[in-house]
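For reference, the structure discussed in these notes is given below.
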Amino acid sequence: MAATRACLLTLVVGLAFLFLDGAAAATAGSSVEQRRRVRGLLRQLNKAPLTSIQSPDGDIIDCVHISKQPAFDHPFLKNHTIQMQPSYLPGGLYHDTHVAPQPFTQTWHQNGKCPKDTIPIRRIMEEDVLTASSIKRYGKKRPRSIPNLISVDDPEQSVTSGHQHAVASAPGGSKYYGTKATFNLWQPKIERANDFSLAQFWISRGSYNSKDLNTIEAGWQVYPSLYKDDSPRIFIYWTRDAYDKTGCYNLRCPGFVQTSNHIALGASQLSPVSTYGGPQHDINILAWKDPKGGNWWLQVGSYVLGYWPSSIFSNLADSASDVMWGGEVETQPNTGQTSTQMGSGHFPMEGFGKASYIKNIEVVDSSNKLKSPSGVYLRIEKPKCYNARNGTNSDWGTYIFYGGPGKNPNCLS
């Protein structure tokens with residue numbers, strides 16, 4: 001009997017080891033397959049550079065020939081002819097000559113610049129992709145997790161859990177051909193690794209219900225899980241199917257055609273940033289539809305960066321129906337209220353020097369002219385966590401103050 005029990009025990013232990021070895025082998029195999037897929041994606045996204053620049057902050061900036069950039073992997077852009085400059089700038093762009101744009105820099109500028117006929121692209125590393133929720137979703141926003149943007153097509157839609165906004169919207173029922181605004185620059189504190197905080201504009205048309213929401217987005221954001229630090233960075237985004245399969249951040253998928261060799265989207269810290277009660281710094285961002293070529297152009301500060309070809313859109317191939325400006329904080333759903341800051345981390349009633357602002361808010365009309373919107377409407381989900389207020393004066397035009405600390409004694413859930 002004892003011998004039988006010993007044999008059974010030996011058999012059970014042997015089977016356990018076989019099971020563990022099999023599980024370990026399966027895990028190892030899965031890991032190998034995942035890294036193989038990641039490296040395949042990196043070969044697709046990281047184009048061969050003519051030269052590279054090591055930034056002091058750890059980024060590697062690849063100077064890629066303008067004709068070899070990721071945009072031309074898009075099936076609609078296979079035979080695309082690059083438009084180096086917009087045919088027309090919006091009327092009224094430089095009428096405020098007393099409002100001079102403040103210069104800004106990116107850290108990689110300290111170690112060089114990209115030569116003519118190249119564009120700077122932040123190199124994507126293996127660990128960047130491995131931290132994404134999935135390889136397929138790398139560089140993309142979560143489906144249906146972005147606000148409805150107050151579309152006139154489905155105004156009943158609500159914001160999905162995990163996203164909180166303090167934004168202003170232009171009146172619906174009109175056609176818009178772009179927007180310009182001056183964004184106050186801050187470095188909000190991020191509580192959780194997967195949180196982000198941003199200030200941006202949204203230009204959109206379409207709806208979630210029809211799965212044809214088109215957006216053009218630009219601003220600054222602090223997003224540690226995407227950029228591996230807590231510094232503010234210029235970003236862009238686009239989609240043509242309500243954030244489902246198309247679109248991405250920056251140049252992480254084919255779409256946006258960059259023409260400037262000065263600014264690397266999503267790369268390196270912006271400097272300087274504002275300080276509470278101290279100097280304030282801001283940056284002008286403009287997007288508009290070229291009335292001749294039809295492409296949607298982007299200008300950041302004094303640099304025309306490039307364009308979204310009209311051919312990659314459906315609804316935005318003509319015009320936009322909605323424009324919004326403001327702040328957003330994202331945190332994981334069902335994890336409680338985050339203390340990630342929006343803007344300066346202070347409420348708008350504290351005013352200039354303490355609360356974050358977006359000023360000189362304008363829209364581009366059908367005559368390709370900049371003008372103040374005919375009023376704005378505020379959209380705020382949790383005013384005790386993050387809030388906004390709007391106003392108009394002769395110096396700032398249409399403006400909003402926005403932001404907040406997130407979790408606080410009056411905002412606990």
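As for region 261-277, it holds at least one residue that is without any contact (Cβ under 8 Å) to a residue 60 or more places away in the chain and part of a loop (DSSP other than H, G, I, E, B). When each of 379, 389 is tested for being out of contact with any Pro (no Cβ under 7 Å at 6 or more places or on another chain), part of a strand (DSSP E or B) and either open to solvent by 10 Å² or more (accessible area, probe 1.4 Å) or not charged (D, E, K, R) (or both), the lone residue that passes is 379. For region 304-322, the count of residues that are in a loop (DSSP other than H, G, I, E, B), under 27 Å from residue 343 (Cβ atoms), out of contact with any strand residue (DSSP E or B) (no Cβ under 6 Å at 6 or more places or on another chain) and polar (S, T, N, Q) is zero. Of all the residues in region 74-84, those that are charged (D, E, K, R) and under 17 Å from residue 259 (Cβ atoms) number 0. Do the conditions hold for residue 333, that is, is it under 25 Å from residue 226 (Cβ atoms), at pLDDT 95 or above and open to solvent by 10 Å² or more (accessible area, probe 1.4 Å)? So residue 333 does not fit the description; no. Comparison of 351, 404 shows that the only residue that is in contact with a Gly (Cβ under 8 Å, 6 or more places away or on another chain), modelled with pLDDT of 95 or more and either open to solvent by 10 Å² or more (accessible area, probe 1.4 Å) or of a type outside the set (Asp, Glu) (or both) is 404. Among the criteria (1) closer than 30 Å to residue 357 by Cα; (2) at pLDDT below 90; (3) open to solvent by 50 Å² or more (accessible area, probe 1.4 Å), the one residue 127 does not fulfil is (1). Checked across region 78-94, the condition of being open to solvent by 20 Å² or more (accessible area, probe 1.4 Å), out of contact with any Asp or Glu (no Cβ under 6 Å at 6 or more places or on another chain), at pLDDT below 75 and within 27 Å of residue 368 (Cβ to Cβ) holds for at least one residue.
Counting only residues that are within 22 Å of residue 338 (Cβ to Cβ) and not in a strand (DSSP E or B), region 392-413 holds 7 of them.
Filter region 263-280 for residues that are over 16 Å from the mean Cα position of the chain (by Cα) and at pLDDT below 95; which is surrounded by the most Cβ atoms within 10 Å (Cβ to Cβ)?
It comes out as 273.
Within region 322-329, is even one residue farther than 16 Å from residue 183 by Cβ and of a type in the set (Phe, Trp, Tyr)? Within region 322-329 (the criterion being farther than 16 Å from residue 183 by Cβ and of a type in the set (Phe, Trp, Tyr)), the answer is no, since none of the residues qualifies. Within region 218-233, residues that are within 24 Å of residue 306 (Cα to Cα) have Cβ atoms under 6 Å from residues that are open to solvent by 10 Å² or more (accessible area, probe 1.4 Å) and polar (S, T, N, Q) in these pairs: 231/269; 232/187, counting only partners at least 6 apart in sequence or on another chain.
Please verify whether residue 345 is part of a strand (DSSP E or B), at positive phi and buried (at least 19 other Cβ atoms within 10 Å of the Cβ), treating the condition exactly as stated. So residue 345 fails the test.
Here residue 246 does not qualify as under 23 Å from residue 108 (Cα atoms) and either open to solvent by 20 Å² or more (accessible area, probe 1.4 Å) or more than 16 Å from the chain's Cα centre (by Cα) (or both).
The values are calculated or read from the model by the stated rules, or taken from the named source; none is laboratory data. Model, not experiment: these values are computed from the prediction. Using ideal geometry, Cβ is built from the backbone for each residue, glycine included, and neighbour counts are taken over all protein chains shown. These accessible areas exclude ligands, DNA and RNA; they are computed on the full protein's heavy atoms, side chains included. Shrake-Rupley method; radii C 1.70, N 1.55, O 1.52, S 1.80 Å.
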